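Enquirer: The following block contains the structure, expressed as structure tokens.
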Amino acid sequence: MASVSRDNYEVLLPHSSRYGAAVVVSCGIDDIAYEEEMDDPQLGVSTQTLVSSKGEFQSAKRLPQYLAAISVTIGAFALGNVLAWTSPTADELSQTTNNNFTSTLMTQSEWSWVGSLMNIGAALVVLPVGYLIDKIGRKFTMLGLVFPFTAGWFLMVWAKQTVPLYYVGRIVTGMMGGAFSLTAPVYVSEIAESDIRGTLGTYFQLMVTVGILFVYVLGSQVNAFALTLVCGIVPLVFGVIFFFMPETPLYYIQTGRIDRARDSLQYFRGKSYNVEPELQVMENVVDTSRAQKLSLSESFNTTAAKKALLVSLGLMVFQQLSGVNAEAGSDIKPAIATIIVGVIQVIATFISSLCIDKLGRRILLIASDAVMTICSTVLGVFFYLKHNGNDVSNIGWLPLVSVCLFIVMFSFGYGPIPWLMVGELFPNQIKGTASSIACLLNWFLSFLVTKFFSDMVTAFGIYTTFWIFSAISCLGTIFVFFIVPETKGKSLEEIQKELGGESPNNAPAGLVFEAPEKF
């Protein structure tokens, strides 16, 4: 997204609307005074409409924005349920016991498909949902996910001995969860003020981890039928709560419904807040973005775009192939181990949201991948010793500790930052398309790791498998050190220049204008 700033306000220009582009416009008007009309030749916008008299209006309310962000990220909670569901249900659904006779419901291969098909579903839905959020809106796209989401869960409730129904249910719930991974962040970014957009933006990943922990805890207390039934209710809860939230003002502006955009913005900023300056900015930057829009092929053909694509897709590759979706055993009961990991993941994700903009992207990525390399190496050594008949009972805690440390460092760096940098590296014209490509690659790689982890263990041994993950994480550290630029504290124009793009006056990177003296 392109940036326009003047001391007390900032505008983030919209990227391509083709795949659910996000636009966030914020205006701090308290310290800005009305001035004479002054047309900016670069923006084509009259600055008279961007200002208001000092102290005349109250500041924007924050509570409606927080409530909206929490309500929409219930969809992220539901995605976390999908991701975690196979962990507490594996033993029960892979075996059924009747009159002391044990029969196999699913083979190991069949269960691996149950675990991995949700990733295929998520990958399949990315591009269609990106189209829908611009065709029918962010709100109605997400509300349209509710009943298919619930239907997917209930297919598994009714499946009993029918394995194909589990396959279909996992694909459907994966599609709906994957759809939320694209739509919910867009919605949050478009309703939040700039100075709290980062905080609200972290709610999605945080709620995913909370949803995972919820399934771990509940699954340790109830059977698979009850757990699946409860998970099927969560999308309905989302639908009831989110139904009362407005559509984003940006979508209304993009579809020419200015009065509705005004009402929406008024809801998110409060009745006493003057929304007209911010609304006018939104209108003009959308018009400007449309006027400067390039074709996708032209936008992707720049040096900056090529480098941005290399960096963003490279980060996605190293994120998923680090082995984050693999499993490691320990002497602690699996149910307790997963709960411990889930708690640590929630805490680490929350803390990481407080550090990203303070420490910088590169240092967190390098530290994250370096420690993940060590953790995977240690896991490999542990299982190598165990495989060769060595007594490891005194260090039976080591796998869990290594996994927990792995998850902590993943949450600090390689978990959130690749998604963050996708939004920072690309010019606005291709940001939507690039985000869809990155999301598609991420889910596809997640499928490969989930599906073929057990096959790798069978073919190479568990210790060799973790050493492979360790080597990949080591390569990821080198990749970040030599290839990934630091974007902390840099404007989008500066990032584009560093990537080799043209100046902001000639490229789609952004728009900058000089502020008059009284600003």
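The values are calculated or read from the model by the stated rules, or taken from the named source; none is laboratory data. The shown structure was predicted, so the numbers you read here are calculated from the model rather than taken from an experiment. Note that each Cβ is placed from the backbone with ideal geometry, even for glycine, and that neighbours are counted across all protein chains shown. SASA here: full protein model, heavy atoms, side chains in, ligands and nucleic acids out. Shrake-Rupley method; radii C 1.70, N 1.55, O 1.52, S 1.80 Å.
Enquirer: Within region 126-155, restricting attention to residues that are open to solvent by less than 10 Å² (accessible area, probe 1.4 Å) and farther than 19 Å from PHE242 by Cα, which residue is nearest to the chain's Cα centre (by Cα)?
Expert: The qualifying residue nearest to the chain's Cα centre (by Cα) is VAL126.
Enquirer: Scan GLU278, GLU247 and give me the residue that is open to solvent by less than 10 Å² (accessible area, probe 1.4 Å), more than 18 Å from ALA184 (Cα to Cα), touching a helix residue (DSSP H, G or I) at 6+ places or on another chain (Cβ under 7 Å) and of a type in the set (D, E, K, R).
Expert: GLU278
Enquirer: Take the conditions surrounded by fewer than 22 Cβ atoms within 10 Å (Cβ to Cβ), closer than 20 Å to PHE410 by Cβ, free of Cβ contacts under 8 Å to residues at least 12 places away in the same chain and over 21 Å from the mean Cα position of the chain (by Cα) and apply them to ILE468. Does it pass?
Expert: Judged against the criteria, ILE468 is not a match.
Enquirer: Continuing with this model, one more query. Out of (1) aromatic (Phe, Trp, Tyr); (2) crowded, with 19+ Cβ neighbours inside 10 Å; (3) more than 22 Å from the chain's Cα centre (by Cα), the odd one out for PHE460 is which?
Expert: It is condition (2) that PHE460 fails.
Enquirer: Only residues that are farther than 18 Å from GLY75 by Cβ, open to solvent by 40 Å² or more (accessible area, probe 1.4 Å) and either of a type in the set (S, T, N, Q) or without any contact (Cβ under 8 Å) to a residue 12 or more places away in the chain (or both): list them for region 200-229, please.
Expert: Correct list: SER220, GLN221, VAL222, ASN223.
Enquirer: Of all residues being open to solvent by 30 Å² or more (accessible area, probe 1.4 Å) and in contact with an Asp or Glu (Cβ under 8 Å, 6 or more places away or on another chain) in region 471-491, which is modelled with the lowest pLDDT? Just the residue, please.
Expert: Step by step, filter region 471-491, then rank; the result is LYS490.
Enquirer: Is there a residue being crowded, with 19+ Cβ neighbours inside 10 Å and either under 25 Å from LEU206 (Cα atoms) or at pLDDT below 85 (or both) anywhere in region 376-385?
Expert: Yes, because at least one residue in region 376-385 is crowded, with 19+ Cβ neighbours inside 10 Å and either under 25 Å from LEU206 (Cα atoms) or at pLDDT below 85 (or both).
Enquirer: Could you check GLY232 against (1) open to solvent by 10 Å² or more (accessible area, probe 1.4 Å); (2) in contact with a Phe, Trp or Tyr (Cβ under 7 Å, 6 or more places away or on another chain) and say which number it fails?
Expert: With (1) open to solvent by 10 Å² or more (accessible area, probe 1.4 Å); (2) in contact with a Phe, Trp or Tyr (Cβ under 7 Å, 6 or more places away or on another chain) applied to GLY232, the lone miss is (1).
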